[in-house]
Ligand code: AMP
């Protein structure tokens, strides 16, 4: 008997379905905002990960899966998506295209962490990166998009936390102030924080062990060390979020665990999942120095990463994205109509109109039950009488409108519903050549001008 590697998961069918529904949903949302997919390798040069995350970050110090391949190269399984995506941007000179680039990625990440619920050694992330933007409006748009995802998924009690780490000058001043503050309090801090004091004192603020200690709570706040420019930019981010009705809190202790962040940082957190600790579902921010430090041009960037397992854990099973849905349910009345509809079903599918028919249903009740189970948006129904007349009844389940169409009109009508036909005015008629195939039921705006 073999067992799975510690911290990894078999994603069984039901959960695989949930994850892929969430992935498809996320792709749709970011597609609306103009993001394009990029796929990058799981195997990374170790140097890339160490340099981008920072040699002193927890990820690099304790969590990366590093190994030497058979050719003696040091390889790391990617622990996050940003550095590999930015490497691809540089290597493929994507920055020579129209900027900003709006990229999204999805895939498995690997961190050698202590496994527990919502914390695995292999997990999936969905992330976006905007490359070539210096505008704080873009920071706010990225935060808005993350928050919209929670809203559309009907997640309750999520909190958007934002902060700014300021520009280089602000961060240097702040780091010095933190050093000054912590220097005679080191004995009260955990071992990791003692080290962070020397390597990156900002990270002390992120410490989970000392999180609620008086010392941390009274530490200097970044807001008091911000340059005028950083202050003004952060104000824009806040104003935009207010304008878009995105509820947020400013958390002055929020610094994020990776070295590459600059100015705006944010997290979306769910408080008290399973009555326990809060869980960070999404984290991101601006990283203006990363491209340059990896050998590319100087370009501002901003992005976020979602943990898909954590997101799936908090999304209600009953929401729409998990429900099966088809556009058309075909309901034949009688055996002749059934044979006829089998052909029609195939024609609809060939035209990309997703359609279903219950071959086993013995009566109308069972057909309608199948339509409900499939969440069909249109019911297409016909019996002997309609067959003789060459017509079909089409019912829109959302608006409750019903139309009778000639059979030849159906495909065009449905294709128009799926947005593939721009030719028709909505009357559903063919406009083959000069002749309009329909006989009646047109409004004045019919684009075929036959009914004016
Ligand atoms: P990060 O790259 O650390 O900013 O993480 C982004 C998101 O990935 C987090 O908010 C989590 O939702 C998810 N995540 C990070 N580490 C893990 C892990 N070990 N297991 C599962 N999800 C994780």
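The values are calculated or read from the model by the stated rules, or taken from the named source; none is laboratory data. Values in this document were obtained by computation on a predicted structure and should not be read as measured data. Note that each Cβ is placed from the backbone with ideal geometry, even for glycine, and that neighbours are counted across all protein chains shown.
Scanning segment 143-186 for residues that are within 19 Å of residue 284 (Cα to Cα), without any contact (Cβ under 8 Å) to a residue 40 or more places away in the chain and surrounded by 18 or more Cβ atoms within 10 Å (Cβ to Cβ) gives no hits. In segment 1-17, the residue that is modelled with the lowest pLDDT out of those that are within 15 Å of the ligand (Cβ to nearest atom) and surrounded by 12 or more Cβ atoms within 10 Å (Cβ to Cβ) is 15. Number of residues in segment 78-113 that are in a helix (DSSP H, G or I) and either over 19 Å from residue 34 (Cα atoms) or more than 16 Å from the ligand (Cβ to nearest atom) (or both) equals 10.
The requirement of being within 16 Å of the ligand (Cβ to nearest atom) and out of contact with any strand residue (DSSP E or B) (no Cβ under 6 Å at 6 or more places or on another chain) is fulfilled somewhere in segment 234-253, by at least one residue. Against the list (1) at pLDDT 95 or above; (2) within 15 Å of the ligand (Cβ to nearest atom); (3) exposed (fewer than 14 other Cβ atoms within 10 Å of the Cβ), the condition residue 65 fails is (3).
Based on this model, can you work out whether residue 230 counts as out of contact with any strand residue (DSSP E or B) (no Cβ under 7 Å at 6 or more places or on another chain), more than 16 Å from the ligand (Cβ to nearest atom) and not in a strand (DSSP E or B)? When the stated conditions are applied, residue 230 does not pass them. Residues of segment 199-217 include at least one that is surrounded by fewer than 14 Cβ atoms within 10 Å (Cβ to Cβ), modelled with pLDDT under 85 and within 16 Å of the ligand (Cβ to nearest atom). Being within 16 Å of the ligand (Cβ to nearest atom), farther than 19 Å from residue 202 by Cα and buried (at least 18 other Cβ atoms within 10 Å of the Cβ): is that true of residue 40 here? Yes; evaluated as a whole, the condition is true for this residue. Kindly indicate the residue of segment 268-282 that is modelled with pLDDT of 90 or more and in contact with a helix residue (DSSP H, G or I) (Cβ under 9 Å, 6 or more places away or on another chain) and also farthest from the ligand (Cβ to nearest atom) among those meeting that condition. Out of the qualifying residues, it is 270. Only a single criterion out of (1) under 23 Å from the mean Cα position of the chain (by Cα); (2) over 28 Å from residue 312 (Cβ atoms) is not satisfied by residue 74, namely (1).
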